[in-house]
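Please read the structure below before turning to the comments.
The values are calculated or read from the model by the stated rules, or taken from the named source; none is laboratory data. The structure presented is a predicted model; accordingly, all values stated were derived computationally and were not measured. Cβ placement follows ideal geometry from the backbone for every residue including glycine, while neighbour counts extend to all protein chains displayed.
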Amino acid sequence: MKKKPKILIVRSRYNNTLELYESAYNELDKRKIQNVESTFVNGAFEIPVSIARNINKFDAFVAIGIIIKGETPNFNLISQAITDGIMQLSILHKKPIGNAILTCLNSVQAEERRHKGKEAVEAVLDVLNPDADRKLTKKEVKKLNEFNSLIKEDNPEKILKMVRKAKK
């Protein structure tokens, strides 16, 4: 990462999200990401709105919440609306939003997935800096440069030939 990213964690108060939050925050701390702020919303349904309000103030977001299925179809509607909202914001504004909003049938499932905050942070950091943990060999750099030059030439036959050769 060329600059230190500014990240907002948006956390639902509803259901116990403390362990999810801690797993996310600990991962950010481990990676020495210090420009982190947190905010609460009442429930997971409000998370996309809170992100939308802050979209121009931060480089990335981590959404933390737990939705536990009840006896009504509300669970499916709420879960889908939240996922759609987060995805639309991410694509429209070209900013990563790590999704640690758990959709579970019961609290036991939520407890088993308490590490998902960490995974959401890993996903965000990977989007911000996709090559951070990967060093290319000289051979890989050469192949990548060849491939990029073929793309610039706009030569589909050569590109397909190179891809087929790489698969062997």
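Summary of values
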| read-out | value |
| --- | --- |
| In the range 23-41, residue modelled with the lowest pLDDT [restricted to those that are surrounded by 15 or more Cβ atoms within 10 Å (Cβ to Cβ) and either part of a loop (DSSP other than H, G, I, E, B) or among the charged types (D, E, K, R) (or both)] | Ile33 |
| Members of the range 96-116 found to be surrounded by 14 or more Cβ atoms within 10 Å (Cβ to Cβ) and either in contact with a Cys (Cβ under 6 Å, 6 or more places away or on another chain) or under 24 Å from Glu71 (Cα atoms) (or both), listed by number | Ala100, Ile101, Leu102, Thr103, Cys104, Gln109, Ala110, Arg113, Arg114 |
| Subset of the range 49-97 [assigned to a helix (DSSP H, G or I) and polar (S, T, N, Q)] | Ser50, Asn54, Asn74, Asn76, Ser79, Gln80, Thr83, Gln88, Ser90 |
